[in-house]
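Single-structure report; data block below.
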Amino acid sequence: LSSPESVQSTNDEIETPPEEDETVLTEEYDYSQPVPESEPVDDSYFEDAIFIGDSRTEGFMLYSGIVDTTVYAYKGIMVNEVFTREVITLNGQSMTIMDAIRSTPEFSKVYIMLGMNEMGWVDLSYYKECYGQLIDAIREINPDAIIYIESIIPVTQSRSDSDPTFNNPRVEEFNTILRELAEEKKAYYIDLAAGLSDETGALPEGEAYDGSHLSVDYCEKWLEYLKNHAIVEG
């Protein structure tokens with residue numbers, strides 16, 4: 001028979017925990033925070049990306065210098081219309097933005113900027129709900145896609161001071177919702193508002209012909225910001 005000492009020794013050996021696995025200790029990404037600055041990616045990073053947006057995204061595509069990417073953007077489009085309004089033409093057929101995404105053979109990244117045209121909405125919970133539905137629908141099509149929520153870029157101070165709807169306090173309200181949504185949906189929040197604003201938090205005067213739509217220089221700066229704030233899996 002074993003002595004009490006030998007039984008205790010055996011039990012101690014059994015209860016000794018194994019060495020901790022480093023992979024278990026790896027911290028999860030904090031989706032409540034904006035994508036941090038990183039080593040810049042090159043243009044090829046956007047070859048399998050889709051950009052969704054309104055006239056600001058249209059201007060970005062025209063003037064930033066980005067090539068070999070997919071864009072589904074339309075002047076005046078709102079987040080509640082991506083499922084219903086046929087504004088995209090593919091192979092001679094008119095379709096909604098969501099149907100266009102379904103028709104895209106391969107993509108692994110999606111950039112979304114929607115919100116300027118919704119600034120007059122009273123019910124911001126409806127904005128959040130519609131935006132969340134868009135993210136969910138994209139994930140149904142491609143669960144592995146990296147989804148970027150681009151913050152709404154502010155307007156110039158003169159536009160903000162003179163416009164009761166399209167102004168920077170309102171932009172901040174919407175961007176607060178977008179940060180909450182990024183955390184809830186585990187999407188990546190890109191803080192373009194911080195990257196493209198001046199020390200007052202406004203779009204610099206002279207960098208938007210109407211106080212809202214960006215100049216060529218600032219479309220190029222927009223692209224540079226995306227290149228320096230990218231998620232590279234693996």
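The values are calculated or read from the model by the stated rules, or taken from the named source; none is laboratory data. Being a predicted model, the structure only gives us computed values, none of them experimental. No Cβ is skipped: glycine too gets one built from the backbone with ideal geometry, and neighbour counts run over all protein chains shown. Accessible surface areas use protein heavy atoms only, side chains included; no ligands, DNA or RNA. Shrake-Rupley method; radii C 1.70, N 1.55, O 1.52, S 1.80 Å.
What the table below lists for this structure:
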| item | result |
| --- | --- |
| Number of the exception - ILE138 against (1) surrounded by 21 or more Cβ atoms within 10 Å (Cβ to Cβ); (2) without any contact (Cβ under 8 Å) to a residue 40 or more places away in the chain; (3) touching a Ser or Thr at 6+ places or on another chain (Cβ under 9 Å) | (3) |
| Condition broken by PHE83, with the remaining ones in (1) open to solvent by less than 70 Å² (accessible area, probe 1.4 Å); (2) of a type in the set (A, V, I, L, M, F, W, C); (3) over 29 Å from ASP198 (Cβ atoms); (4) outside any helix (DSSP H, G or I) satisfied | (1) |
| Qualifying position, being more than 30 Å from GLU47 (Cβ to Cβ), touching a residue at least 24 places away in the same chain (Cβ under 8 Å), crowded, with 17+ Cβ neighbours inside 10 Å and of a type in the set (S, T, N, Q), among THR156, THR165, THR200 | THR156 |
| Test: residue in segment 169-184 that is of a type outside the set (S, T, N, Q), open to solvent by 10 Å² or more (accessible area, probe 1.4 Å) and within 22 Å of ILE97 (Cα to Cα) | no |
| Total residues in segment 41-66, condition under 21 Å from ILE146 (Cβ atoms), touching a Lys or Arg at 6+ places or on another chain (Cβ under 7 Å) and assigned to a loop (DSSP other than H, G, I, E, B) | 2 |
| Residue that is modelled with the highest pLDDT [pool: residues in segment 40-78 that are β-branched (Val, Ile, Thr) and open to solvent by 50 Å² or more (accessible area, probe 1.4 Å)] | VAL71 |
| Among residues of segment 185-197, those that are outside any helix (DSSP H, G or I) and either open to solvent by less than 10 Å² (accessible area, probe 1.4 Å) or in contact (Cβ under 8 Å) with a residue 60 or more places away in the chain (or both), counted | 6 |
